[in-house]
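Structure record follows, encoded as structure tokens.
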Amino acid sequence: MRRKWYIASSIVTALAGEVALVAIVLWLLPLCGVNMPMWGLILLMVAYGVYEYISYRIGSKALERKPVVSPEAMVGSYGKAATQLVPNGYVQVEGELWRALSTGPNIDKGEEIVVVEVKRLTLIVAHMPNNNCIEDIASQ
């Protein structure tokens, strides 16, 4: 449904642009004393059509992309430290590099982290909980 709407609106806007271009060249410019030969009008219409086609292709690719997750939805996500966090640095979460701030002690490069909060575009991160502690509790 979204794609059909995009195709229809692209065709309508392209035709409206072509009609406006013809009206300007054949009606408005002669009122100002400027006359354009027919080959110039045809060249302008072809150039505008190419522009519209390229815009359509770029727009359709943008519509087909997966939605981007909001930073707030990243709370609880796991990742790895891309640089040392002393306490600032960079982490990689869900394949993207983010500026990060450590809540506790320094985090070394490559250590696993968990996102605990998001402030603007900075992730507040902590060390990943130690799985050994969970296994020790489960075994008791």
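Here, each number is a calculation from the coordinates, and none is a lab measurement. From a predicted model like this one, the values you see are computed outputs, not experimental measurements. Neighbour counts are summed over all protein chains in view; Cβ atoms, including those assigned to glycine, are modelled from backbone coordinates with ideal geometry.
Using the Cβ-Cβ distance between Arg57 and Ala20 with R0 set to 22 Å, the FRET efficiency from 1/(1 + (r/R0)^6) comes to roughly 0.50.
Local charge for Ile124 was computed over the other residues whose Cβ lies under 15 Å away, with Lys and Arg +1 and Asp and Glu -1, and equals +1.
If each DSSP helix of 4+ residues adds -39,500 (n - 2.57) and the sum is divided by the residues in the chain, what number results at 222 nm, nearest 500 deg cm²/dmol? Don't jump to the answer; show the numbers that get you there.
Details: 3 runs with 58 residues, N = 140.
Value at 222 nm, helices only: -14000 deg cm²/dmol.
Going from the residue with the fewest nearby Cβ atoms within 10 Å to the one with the most, Ser70, Ser102, Ser55, Ser77 rank Ser70, Ser55, Ser77, Ser102. For the range 1-80, chymotrypsin sites (Phe, Trp or Tyr not before Pro) meeting the loop criterion (DSSP other than H, G, I, E, B) and having at most 14 other Cβ atoms within 10 Å: none. Between Lys80 and Thr13, the C-beta separation translates, for a Förster distance of 41 Å, into a calculated FRET efficiency of about 0.35. If you take log10 I(q)/I(0) by the Debye sum over Cα atoms at q = 0.10, 0.14, 0.19, 0.21 Å⁻¹ from the coordinates, which of (i) -0.34, -0.63, -1.09, -1.30; (ii) -0.49, -0.82, -1.14, -1.27; (iii) -0.61, -0.76, -1.03, -1.12 do you get? The value matching this structure is (iii).
Counting only lysines at least 8 places from Lys109 when in the same chain, those with an alpha carbon closer than 26 Å to its own are Lys80, Lys119. Using Cα springs under 10 Å in a Gaussian network model of the chain, which residue among Pro37, Pro87, Pro71 shows the largest mean-square fluctuation? Sorting by GNM fluctuation, first place goes to Pro37.
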